[in-house]
Amino acid sequence: MIRLGINIDHIATLRNARGENHPNILSAAKFAMKSGANLITIHLREDRRHIKDDDVIALKKKNYLPLNLEMAATKEMKDLCLQIL
């Protein structure tokens with residue numbers, strides 16, 4: 001079975017550039033789910049230029065879809081991931 005994963009990083013990048021909560025990352029995840037996605041991909045980088053820690057927590061809490069968390073291979077990222085997920 002082919003599964004559809006949607007990367008919503010650039011929605012967070014746009015939001016961060018605007019300095020506000022628009023577009024909303026949770027709304028994007030919900031839209032992806034309603035549109036048939038089976039998975040959400042997010043990139044948690046050390047400089048937090050895309051997704052931020054609070055985004056990961058909020059997405060996990062809402063649990064719209066399984067999360068594919070792509071992150072730097074550092075102890076900080078591993079510890080954060082294990083704490084959140």
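The values are calculated or read from the model by the stated rules, or taken from the named source; none is laboratory data. Because the structure is predicted, anything quoted here is derived from the model rather than measured. Counting neighbours? That spans all protein chains shown, and the Cβs are built from the backbone with ideal geometry, glycine included. Protein only, heavy atoms only, side chains kept; ligands, DNA and RNA dropped before computing areas. Shrake-Rupley method; radii C 1.70, N 1.55, O 1.52, S 1.80 Å.
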| task | Could you list the residues of the range 43-85 with an amide nitrogen less than 12 Å from a label point located 7 Å from the Cα of S35 in the Cα-to-C-beta direction? | result | none
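Which value, to two decimals, describes the C-alpha radius of gyration of the chain once divided by 2.2 N^0.38 Å? Numbers along the way, then the final one.
Working: Rg = 12.5 Å, N = 85, 2.2 N^0.38 = 11.9 Å.
Ratio of Rg to 2.2 N^0.38 Å for the chain: 1.05.
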| task | Run the quick spin-label model on I2 and A17: label points 7 Å from Cα toward the beta carbon, then report their separation in nm to one decimal. | result | 3.0 nm
| query | Top to bottom by accessible area (1.4 Å), largest first, where do T41, T74 land? | reply | T74, T41
